[in-house]
1. Within segment 41-91, count every residue that is under 40 Å from the mean Cα position of the chain (by Cα) and of a type in the set (Gly, Ala, Ser).
2. Contact list please: Cβ distance under 9 Å, first residue in segment 248-272 and of a type in the set (S, T, N, Q), second residue part of a loop (DSSP other than H, G, I, E, B), pairs at least six apart or on different chains.
3. Taking segment 121-143, which residues are buried (at least 23 other Cβ atoms within 10 Å of the Cβ) and either without any contact (Cβ under 8 Å) to a residue 24 or more places away in the chain or basic (Lys, Arg) (or both)?
4. Please verify whether Ser105 is at negative phi and surrounded by fewer than 21 Cβ atoms within 10 Å (Cβ to Cβ), treating the condition exactly as stated.
5. Residue check: is Leu344 part of a helix (DSSP H, G or I), under 24 Å from Arg324 (Cβ atoms) and modelled with pLDDT of 90 or more?
6. Quick one: count up the residues across segment 405-446 that are within 17 Å of Gln385 (Cβ to Cβ), crowded, with 18+ Cβ neighbours inside 10 Å and among the β-branched types (Val, Ile, Thr).
7. Taking the options Asp407, Asp366, name whichever one is assigned by TED's automatic domain parsing to the domain that holds Arg483, among the charged types (D, E, K, R) and under 23 Å from Arg325 (Cβ atoms).
8. Would you confirm whether or not segment 401-408 contains a residue that is basic (Lys, Arg) and touching a residue at least 12 places away in the same chain (Cβ under 8 Å)?
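The values are calculated or read from the model by the stated rules, or taken from the named source; none is laboratory data. In this text, all values refer to a predicted model and were calculated from it rather than measured experimentally. Cβ sites come from the backbone with ideal geometry, for glycine too, and all protein chains shown count toward neighbours.
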Amino acid sequence: MTEPLCTRLGKTGRLPTPPAVVIRLLELTRRSDVALKEIADTVAMDPSLSAKILRFVNSPLAGLSREVTSLHQAVALVGVRGVKMMALSFSLLATDGGKRCNGFSKTQFALQSLGCGVAARVLSEMTKKGTAQEAFIMGLLSQIGRSVLAGALPDEYSKVLTAARRIPADLPEFERVALGGTYTEVGAWVLRNWGIPEALCSAIETFRRFHEIEAPPAMAEILHVAETAAAAVIPDGRVEGTEIQSFIEEAKEHFDIDPEQCLTATSEIAAEIERTRELLEIPQGRMWSSQQIETEVRERLAELSMAMHIENQSMAIQQEELMRRATTDALTGVGNRAAFDARLSLELERSVRSESPCALLMIDVDHFKKLNDTQGHPAGDRVLQAVAHLLDENVRKIDYVGRYGGDEFTVIAPGTSGDGVIHLAERLRKTTQELRVPWDARRLNVTISIGVAVFTHATDGLDACSIIKAADAQLYAAKCAGRNRVAVTVDNVPAACAENPWEA
């Protein structure tokens, strides 16, 4: 916290002062030789505080295994430090006295402080971080800076409270601008002046910005999420409903607590706040009932489920688009080389398993270089697109059309025998021969040459490299024989020689 705000707060003369009994306790606990009886006798000087401590240590919240009947037993079981912190915390939750600060309800503040304590205890148990009692005390004291600012600078702080839409979530942003410091920094400053252990002060000072610190105090993260959880149960702002959503998001981010666990946690926190409120004699303030909390959480879960569904759909569409781009030739829209290689290997494996033939057609656009040289590359691109579309439209759904590279295309025809593939190849050749591609007020004639290889499941050495090599050899034969032809090999036995390829 900036020094000017410390100085201003000190000069107001309105800083909170613990009761005389608590001040005496703070002094005693600074001594290394303090006896348990001295601590117990000091607490006993305040009957109301004594009753609160005994009620608390005998409640399920304290987690003690035996009934405590005296303050001496309480000190022995809870420890000097524990009793000191309880006494300080419980006394600071008193709701009377002090100058009024518009927008600051002392009853609601006490309830919210209790909520932070209970939420911190519940989260500590859920996450196995820290000790439940320590978390409870730190949660109770984590909000003290708000009370200090409201009491010492009531007029200025009322403006901060008016500006903030969510309390306490939005407070630090407005406090730093208006006052030069935040309630967490003020709270830590006051507690240090009272001699509270540095570990606790440091956690309270940093829990709203622990993610900015390289090595934050151990309990800072618990306090950060606990404050959000408390606000979900005890809302104090003008945008109610967002607190539940914030808690669900924070719990997931920091501790991987799922939304259903958040529902259990908020219900437990609400029930425990009500029990502890009565133990500590805190007036009934404004808080949501367990039923209201469950309804709100269920609504948020439904919204999250819907949002997740929409997000999953969007991701599926994006994934599908990425896959399409990765496997599709950008110019022609048919499969690219990588996709062809993967598909051919898959179909050959399937051919072996199912004992069925597999055919590969290697297709080359005739005189393509001459077309590019005379008509230009855009004309060549238009021809490649037209041929790719024609091939795709004239094969079966189970067949696969790909662009092998340049002006070469491929067709994988699984389950196709020698006669079947000859019929397919001739149909593609004749249909292309009839194709007229519009270009620059003209129509370009196109022909293709096709080399075909058919491998049966019994073929020795059946692999992608072999079938590509065989089909490529037949494509070369078709081109050498004058182009616009089909040449076929079945199990490495040509249906027509290179000099006289088969043509229907």
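1. Within segment 41-91, residues that are under 40 Å from the mean Cα position of the chain (by Cα) and of a type in the set (Gly, Ala, Ser) number 5.
2. Final answer for the pair search is Thr266/Trp288.
3. Arg121
4. Numbers: at negative phi: yes; surrounded by fewer than 21 Cβ atoms within 10 Å (Cβ to Cβ): yes.
Against the criterion (at negative phi and surrounded by fewer than 21 Cβ atoms within 10 Å (Cβ to Cβ)), Ser105 qualifies.
5. On the way: part of a helix (DSSP H, G or I): yes; under 24 Å from Arg324 (Cβ atoms): yes; modelled with pLDDT of 90 or more: yes.
Taking the combined requirement at face value, the residue satisfies it.
6. So the count comes out to 5.
7. Values: Asp366 fails: under 23 Å from Arg325 (Cβ atoms).
So the residue among Asp407, Asp366 that is assigned by TED's automatic domain parsing to the domain that holds Arg483, among the charged types (D, E, K, R) and under 23 Å from Arg325 (Cβ atoms) is Asp407.
8. Step one: of segment 401-408, the residues basic (Lys, Arg) are 403.
This time we only want the ones that are touching a residue at least 12 places away in the same chain (Cβ under 8 Å), so: 403.
Yes; the residues of segment 401-408 include at least one that is basic (Lys, Arg) and touching a residue at least 12 places away in the same chain (Cβ under 8 Å).
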